[in-house]
Amino acid sequence: MSSDGRPESFEEVGPLDWEDLVEEFGDREAGWVFRGQADARWDLKTTLERYTPPGRKLSDAERILLREFKRRAHTYLEPQLIPDEEGEWLALMQHFGAPTRLLDTTRSPLVAAYFAVEDAVEGAKGCAVWAINRVDCLKGAGAAMIRATVDPVTQGKVRSALAKLLREYEPSDVDLITGVGLSRASPDQWFKEAVPMVAPFEPEKVTERLSIQQGEFLVPRDVDISFMDNLKALALPSGAVVKLVLNLDERGRALDWLRQVNITRASL
């Protein structure tokens with residue numbers, strides 16, 4: 001555990017100049033997701049976590065928001081656009097700016113960098129792009145689910161049995177397979193099983209904006225604790241979560257560079 005309370009698997013790099021930040025991206029494109037944040041001091045938080053009044057249980061607030069959003073959806077949505085399941089409802093709420101447990105990420109580090117520098121907070125020492133290894137996240141989520149549903153004595157036996165059933169896979173792959181299954185499971189389970197973990201999620205019905213931004217979501221499965229505590233529960237390997245800090249003096253140069261490759265607010 002580091003001095004700021006974060007696990008050793010969480011790294012911070014910087015402050016960096018723009019060229020060094022882009023170079024860091026080059027090592028982390030395949031298999032990673034990214035989130036740009038306007039102030040490097042901020043932890044990762046969902047909008048539900050940020051905007052729920054103090055003292056109110058987040059799961060209670062979520063149920064109220066979801067119920068009220070569903071009640072009013074027919075007034076502004078065509079019938080064919082009404083979601084089929086809870087995950088799509090939450091994605092639609094996120095699209096319209098309602099607080100949800102979903103954390104926006106993108107598979108493009110440059111898109112994440114744009115949102116970090118474009119909205120950079122005056123007075124901050126830097127903005128940040130968080131990089132999260134998606135494969136490690138899936139493995140960690142799978143392991144967390146196995147721990148939550150199987151007693152410690154039989155966990156090894158379950159992994160071996162699953163690996164034998166899947167034949168070509170080794171026992172060490174079972175966490176990843178379980179995590180992939182978890183990410184594709186019905187989001188209705190999010191409301192039934194409050195297991196501390198974070199899993200990737202991409203709704204079946206993808207909005208145009210989500211598609212353009214190469215977006216997907218990270219979902220905390222225990223909404224009554226912070227996103228960061230859900231992420232810590234994955235017990236990720238070192239370097240699986242990296243906060244890349246950009247010196248705020250580089251903001252103008254970064255925006256010019258991004259504009260040249262057509263990454264602007266209009267294009268996104």
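The values are calculated or read from the model by the stated rules, or taken from the named source; none is laboratory data. These numbers were taken from a predicted model, which means no experiment stands behind them. Note that we place each Cβ from the backbone using ideal geometry, even for glycine, and neighbour counts take in every protein chain shown. Accessible surface areas use protein heavy atoms only, side chains included; no ligands, DNA or RNA. Shrake-Rupley method; radii C 1.70, N 1.55, O 1.52, S 1.80 Å.
Cross-link partners among aspartates and glutamates for Lys139, C-alpha distance below 13 Å, same-chain residues fewer than 8 apart left out?
Asp173, Asp175
Kirkwood hydrodynamic radius of segment 8-60 from all distinct Cα pairs, in Å?
Mean inverse Cα-Cα distance, inverted, gives 14.2 Å.
Compare Asp119, Asp136 by solvent-accessible area with a 1.4 Å probe and give them largest first, with all protein chains kept in place.
Asp119, Asp136
As an exercise, identify the chymotrypsin sites (Phe, Trp or Tyr not before Pro) in segment 14-80 lying in DSSP coil whose Cβ has no more than 14 other Cβ atoms within 10 Å.
Tyr76
Which order do His95, His74 take by accessible area at a 1.4 Å probe, largest first?
Correct descending sequence by accessible area is His74, His95.
What residues qualify as long-range amide H neighbours of Glu216, i.e. H under 5 Å apart, gap of 5 or more or another chain, H built at 1.01 Å from N?
Residues meeting the amide H criterion: Thr105, Thr106, Arg107.
Would you mind getting me the FRET efficiency between Lys125 and Val261? Use the beta-carbon distance for r and R0 = 30 Å, nearest 0.05.
0.70
Name the residues whose placed amide hydrogens come within less than 5 Å of the amide hydrogen of Leu16, ignoring near sequence neighbours (fewer than 5 apart) on the same chain.
Val245, Leu246, Asn247
At a 1.4 Å probe radius, which order do Lys139, Lys243 fall into by accessible area, largest first?
Largest accessible area first, the list is Lys139, Lys243.
List every residue whose amide H lies under 5 Å from the amide H of Glu11, counting only residues 5 or more places away in sequence or on a different chain, with H placed 1.01 Å from N in the peptide plane.
Gly239, Val241, Val242, Lys243
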